[in-house]
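Enquirer: What follows is a structure written as structure tokens; I'll ask about it next.
The values are calculated or read from the model by the stated rules, or taken from the named source; none is laboratory data. Since we're looking at a predicted model, the values are computed, not measured. Backbone-built Cβ (ideal geometry, glycine too); neighbour counts: all protein chains shown.
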Amino acid sequence: MDDEMLTRCEEIMRKVCEDFSATLTEFNGEADHVHLLVHYPPKIALSVLVNSLKGVSARRLRTEFTARVNQAAMHGHFWSPSYFAGSVGGPPLQVVKEYIEQQKRPD
């Protein structure tokens with residue numbers, strides 16, 4: 001993904017978060033992955049939120065950037081089926097935000 005695709009991905013994921021009454025606090029990415037800091041209500045199952053973020057963004061990015069998405073290389077998948085989620089609060093929250101901001105975003 002390049003900067004244009006990451007910018008669009010952020011817009012899509014921000015809207016998905018809003019639909020779940022969640023807030024996308026921080027977003028950044030590299031050529032092959034993204035980092036999100038999301039504040040979401042405890043009534044939302046994290047796996048449901050992540051599946052929606054990945055599913056909606058994959059469909060829209062494939063549609064909008066068809067020429068840039070190599071379906072064959074990705075074996076039909078836009079995102080890896082796995083994800084990492086960690087829980088933070090208080091002072092460590094700023095450390096996580098800074099980590100996400102410092103990702104080497106492609107041009």
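Enquirer: Which numbered condition trips up Met1, out of (1) over 11 Å from the mean Cα position of the chain (by Cα); (2) modelled with pLDDT of 95 or more; (3) of a type outside the set (Lys, Arg)?
Expert: (2) is the only condition that Met1 fails.
Enquirer: Now, a different point. With the requirement that a residue be touching a residue at least 24 places away in the same chain (Cβ under 8 Å) and more than 12 Å from Ile100 (Cβ to Cβ), what does the range 20-41 give you?
Expert: Phe20, Ala22, Ala31, Asp32
Enquirer: So, of the residues in the range 75-106 that are loosely packed, with under 10 Cβ neighbours inside 10 Å and closer than 24 Å to Ser52 by Cβ, which turns out to be modelled with the lowest pLDDT?
Expert: His75
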